[in-house]
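Only the coordinates and a few stated rules stand behind these numbers; no lab work does. Because the structure is predicted, anything quoted here is derived from the model rather than measured. Note that each Cβ is placed from the backbone with ideal geometry, even for glycine, and that neighbours are counted across all protein chains shown.
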């Protein structure tokens with residue numbers, strides 16, 4: 001390899017390749033799935049070791065086997081007034097409703113804010129103001145106004161997920177390249193055609209990014225809300241278990257939430273590949 | 001026919017003063033002509049094109065196309081940009097057919113026409129590909145096909161080959177000369193390459209900055225030879241070509257003082 005040091009810079013890789021070294025693949029092709037899985041396995045292994053050698057009291061750190069048993073029991077017989085499926089179902093219903101509302105209202109409003117100065121002027125200040133508040137700070141108010149049932153929780157989650165969706169749609173409109181708009185106009189596009197064939201598809205990658213952020217914000221808020229005021233849901237299940245120091249059930253709840261978050265983000269990535277395969281290409 | 005009459009464009013600069021991007025420019029484009037505007041950066045050549053395209057309002061003066069005043073962008077003037085403006089989510093074929101789609105042409109028919117245009121620019125095989133799988137030169141070919149699809153009265157080309165490597169650039173120049181000879185479209189072409197201007201223009205307009213104005217016009221007809229032979233070498237070595245090239249070069253580097261008194 002010392003020979004290559006004397007060569008002009010651009011010749012050096014060619015010589016090294018001839019010397020028998022494998023040409024490096026571009027970073028993207030290699031992927032991280034295997035490394036990620038190994039890390040996951042190591043973490044689980046550490047958990048096994050920690051509980052097997054009693055590095056912590058079983059009261060604080062239940063064994064994987066114990067958690068697995070509880071997972072089966074909670075799934076079959078239920079805990080805190082419902083089976084795992086019931087709890088997961090009500091959590092999913094809340095976040096699903098909230099996301100649907102956030103998309104149905106937030107995307108059109110964000111697009112309108114991106115295109116029209118007046119809409120932007122009217123709505124950006126109120127949204128900016130409430131978006132700065134921690135959702136749990138205004139939850140008590142929502143409960144006083146709307147009662148303890150589903151309405152207040154769905155509204156809370158809608159507010160938490162609405163702002164990122166709305167702002168991303170607005171940013172998506174603002175990011176449409178001016179040349180792309182000019183090109184379409186010089187091809188004879190009318191206002192409606194500009195919107196449907198240029199603005200909306202150009203904004204789609206940003207909207208999907210916003211949706212990902214909204215899902216994250218929604219999950220965080222969901223569990224917190226269920227810890228405070230709920231009679232069902234995975235967060236409520238965790239809270240009930242914690243009251244009885246049933247750490248194994250708390251673990252079950254955490255694992256379920258982790259699995260939920262992981263599948264949602266995997267789903268979003270799949271959706272992005274399907275809907276915006278061109279993202280970052282041009 | 002395109003008529004530019006005493007067209008001026010004034011921008012407000014960041015320091016509050018006014019920048020005269022275009023100063024009382026007049027220009028006629030006849031059918032069958034390629035008018036090439038050449039000049040240093042800031043000479044107003046792109047401003048002129050943007051005004052003709054309708055992207056930019058005039059501060060004073062007027063631009064008419066076949067007697068109709070230009071008020072905004074429209075399908076009668078096809079624009080080819082330096083930057084790639086193809087839609088990444090649409091196939092090459094759908095990109096070419098975009099203007100026809102805006103006109104309400106049915107899918108089957110617009111695809112048919114788009115396929116013919118792709119053949120004209122030598123990309124018949126690539127209709128189903130997304131644009132980002134094409135090279136820069138190929139993407140510019142698609143851009144030209146797209147601009148031609150609506151059968152515009154004229155083509156406006158804003159340094160369309162400026163970002164391409166020199167070999168691809170020569171191929172594209174040949175392609176444009178051939179398309180022009182075949183379709184007879186009037187073309188307004190912007191470039192900073194004097195050689196490209198002489199090679200492609202039936203009229204070369206030399207522009208100079210501060211304020212942006214036309215300082216000289218030259219008639220040329222190298223493009224007809226070029227369209228027939230497709231060979232650059234024999235044309236650019238002609239004594240007449242070399243003499244014109246040097247004359248224009250001198251004008252660009254030492255423009256005559258503006259008759260309105262602005263010092264260079």
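For this structure, a couple of remarks:
- Cα pair count fraction exceeding 19 Å, expressed as % - the stretch A:168-231: 49
- Likely footprinting exposure, B:45, B:185, B:107, B:129, fewest C-beta neighbours within 10 Å first: B:107, B:129, B:185, B:45
- Intensity falloff of the stretch B:170-261 expressed as log10 I(q)/I(0), Debye formula with alpha-carbon point scatterers, at q = 0.12, 0.14, 0.17, 0.19 Å⁻¹: -0.39, -0.52, -0.73, -0.88
- Across peptide A:188-194, the average count of Cβ atoms from other chains found within 10 Å of a residue's Cβ is 4.
- Here B:28, A:77 are placed in order of increasing Cβ neighbour count within 10 Å, fewest first, which gives A:77, B:28.
- Averaged over the residues of B:72-78, the number of partner chain Cβ atoms lying within 10 Å of the residue Cβ comes to 4.
- Estimated [θ] at 222 nm from DSSP helical runs (n ≥ 4, -39500 (n - 2.57)) normalised by residues in chain A, nearest 500: -24500 deg cm²/dmol
- Over the stretch B:1-66, relative contact order from alpha-carbon pairs under 8 Å, at least 6 apart, %: 46
- Ranked packing of B:82-94, B:142-154, most packed first, by mean Cβ within 10 Å: B:142-154, B:82-94
- For the stretch A:78-183, the ratio of Cα radius of gyration to the globular rule of thumb 2.2 N^0.38 Å stands at 1.35.
- For the stretch B:85-209: relative contact order, % (alpha-carbon pairs under 8 angstrom, 6 or more apart): 24
- Here, the stretch A:63-275 yields an orientationally averaged convex hull projection of 13.9 nm² when only Cα atoms define the hull.
- Entry note, chain B: the mean residue ellipticity at 222 nm calculated from DSSP H runs of n ≥ 4, each adding -39500 (n - 2.57), is -11000 deg cm²/dmol after division by the residues and rounding to the nearest 500.
- Per-residue average of Cβ from other chains inside 10 Å of B:55-64: 1
- Within the stretch B:65-149, the proportion of Cα pairs with more than 21 Å between them is 27 percent.
- Convex hull projection area averaged over all views, the protein assembly as shown, Cα basis, nm²: 37.8
- Computed with the Debye formula from one identical point scatterer per Cα of chain B, without solvent, the log10 of I(q)/I(0) at q = 0.10, 0.12 Å⁻¹ comes to -0.51, -0.73.
- Highest to lowest packing among B:16-23, A:91-98, scored as the average C-beta count within 10 Å: A:91-98, B:16-23
- The distance separating the Cα centre of the stretch A:201-224 from that of the stretch B:228-244 comes to 60 Å.
- For the stretch A:63-275, averaging the sequence separation of C-alpha pairs within contact (under 8 Å, six or more residues apart) and dividing by the residue count gives a relative contact order of 28 percent.
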